[in-house]
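Every read-out reported here was derived from the displayed coordinates using simple, explicitly stated rules and does not represent laboratory data. Computed from a predicted model, the values in this text were never measured in an experiment. Counting neighbours? That spans all protein chains shown, and the Cβs are built from the backbone with ideal geometry, glycine included.
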Amino acid sequence: MSGKIYFHKFAAAGVTMHNRHRAGFNLEILSQRGDDGVVGAPILRRLTDFDDQHPIGTRRQAGFLCTRNDFDRKSHGRILAQPATTAKLESNSWLPQDPLVVYRRLARTWLGWHTSRNYSEHSMTPFTKRIALALIIGLAANAPLVVGQATNAPGNQPPPAPALDRALIAASAQKVIKAPGEKAERLTLERLRTDFPLWKAAAEQNWPEGLYLLGQCYVYGIEVSTDPVNAFACFRKAADSDWLSAAVQVGSCYQTGRGVTKDATTAVKWYRQAADHGNALGQYCLGLCYQDGFGVAKDAAEAVKWFRLAAEQGEAAGQYSLGDCYLVGRGVTKDSIEAVKWFRLAAEQGDAGSQTSLGFCYQDGRGVTKDAVEAVKWHRQAADQGDATGQRNLGYCYQSGRGVAKDEATAVKWYRQAAEQDDVIAQRLLGWCYYKGTGILADKDEALRWLLKAAAQGDEDAKVKVIIINSKDALKGK
């Protein structure tokens with residue numbers, strides 16, 4: 001019979017065989033499974049005491065090979081010895097995993113039998129000898145060894161995998177879904193990463209919650225390497241099971257070309273599928289498509305419709321976008337008070353963009369009584385989350401002394417953090433601080449470096465300042 005060789009090992013107590021051995025023993029069975037999946041007869045069995053300190057050959061303390069008479073060739077690996085008391089089958093986790101170790105033990109066993117003086121009652125037939133010797137010499141070259149448990153051995157099946165708690169996995173998915181923004185999504189996944197094995201197991205069972213979480217792990221590289229293709233595959237499989245949050249992610253993949261060919265029309269199709277079924281994030285994304293004319297004709301009023309549906313469900317991004325529409329009068333009548341209302345709802349959920357916008361409203365007195373201190377409060381909350389606009393605005397408050405004690409060095413600190421995120425205005429302000437020596441030692445070269453960065457992004461004021469600096473140098477003959 002061709003196929004794999006299976007090595008099975010048990011630990012048992014209270015078992016006797018022909019009353020020749022002590023109650024405690026180890027039983028090793030070597031059987032062969034054919035390519036057709038049928039298990040053949042055991043090829044070799046070894047019976048040994050738990051005490052491995054005694055040399056092979058002392059049958060009572062060590063072991064011997066059983067003859068064909070000691071087992072039934074039709075047993076397919078079942079233990080034939082009946083326990084005098086209930087058998088206690090232990091875990092085989094201590095079994096050597098290195099096949100070479102197994103081969104070495106086979107060799108020692110065979111040699112021990114061959115040199116023993118007391119083996120007449122358990123002698124091997126020439127046929128069994130040839131099989132054992134062939135296994136010892138050529139097994140590694142001819143068939144892979146699989147370490148496992150005995151086939152059909154009652155009571156010796158591997159412990160079942162821990163039951164998956166679907167409610168727990170769904171709750172984890174909801175935490176990620178409700179995280180405001182990509183940074184918050186990543187942090188949420190980081191906090192929950194110890195549950196990754198459960199997510200993976202759930203995904204392997206095609207649970208959409210598990211597939212969604214595994215897809216997000218592939219997006220952010222949590223417990224796995226970043227892999228946009230696998231992320232898309234997970235999202236698509238979950239979306240096909242009507243998991244609406246996954247449908248939004250599929251739309252996002254098509255919109256950005258992440259893991260799949262970029263396709264605006266298909267992106268809108270997936271966003272609409274989620275939006276039409278009441279998914280708030282899908283409604284927000286569809287609103288953005290109408291606002292920007294991505295995959296559909298630009299329609300500010302239609303954008304406001306979808307933003308409102310998302311906002312009324314508590315979606316922070318939808319609240320921010322609706323507030324922005326009211327602030328500038330895009331697709332709706334301009335209304336600063338209504339804008340502040342929606343900005344505040346989103347800001348209180350931790351949305352950094354809304355915190356910055358609310359800070360602007362307090363700073364300029366739009367839709368609310370002007371309050372520089374309150375403006376600083378909201379700019380700081382956004383800045384502490386790493387929002388570049390919030391960092392730049394907070395820096396300006398420190399430089400000008402609005403709502404906070406004037407501190408030019410602290411202003412430079414916040415400008416730098418924003419500038420390093422490519423905030424063009426912060427780059428210009430930081431460059432001018434270097435040129436004037438405001439809050440930092442004057443450094444013309446560093447000033448030009450930051451001003452040129454801003455100019456390269458199209459900032460006209462930065463271009464003018466570069467010309468001024470170069471002109472002054474020219475007048476000085478430099």
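Shown here for segment 344-445: GluC sites (Glu not before Pro) in loop regions (DSSP other than H, G, I, E, B) with at most 10 other Cβ atoms within 10 Å, of which there are none. Report the residues of segment 241-274 in range of a label on N206: point 7 Å along Cα→C-beta, backbone N strictly under 19 Å from it. Residues passing the 19 Å test: 241-247.
Residue exposure proxy: S172, S225, ordered by other Cβ atoms within 10 angstrom of their Cβ from fewest to most, comes out as S225, S172. Percent of C-alpha pairs per 5 Å bin in segment 342-445, short distances first: 3, 16, 22, 24, 17, 11, 5, 2, 1. Subtracting the Cα-Cα distance of E190 and S400 from 0.36 nm times their residue separation leaves 71.8 nm of extension gain. Using 0.36 nm per residue and subtracting the Cα-Cα separation, the extra length available between K183 and V229 on full extension is 14.5 nm. Sorted from longest to shortest, the spans of the Cα atoms of segment 309-394 along the three principal axes equal 31, 24, 17 Å.
Each residue of segment 168-178 is assigned a 3J(HN,Hα), and the resulting list reads 5, 5, 5, 5, 5, 4, 5, 4, 5, 4, 7 Hz, derived from the Karplus form 6.51 cos²θ - 1.76 cosθ + 1.60 (θ = phi - 60°), x at Gly and Pro.
The stretch between A300 and T369 holds 22.0 nm of extra length on full extension. This uses 0.36 nm per residue minus the Cα-Cα distance.
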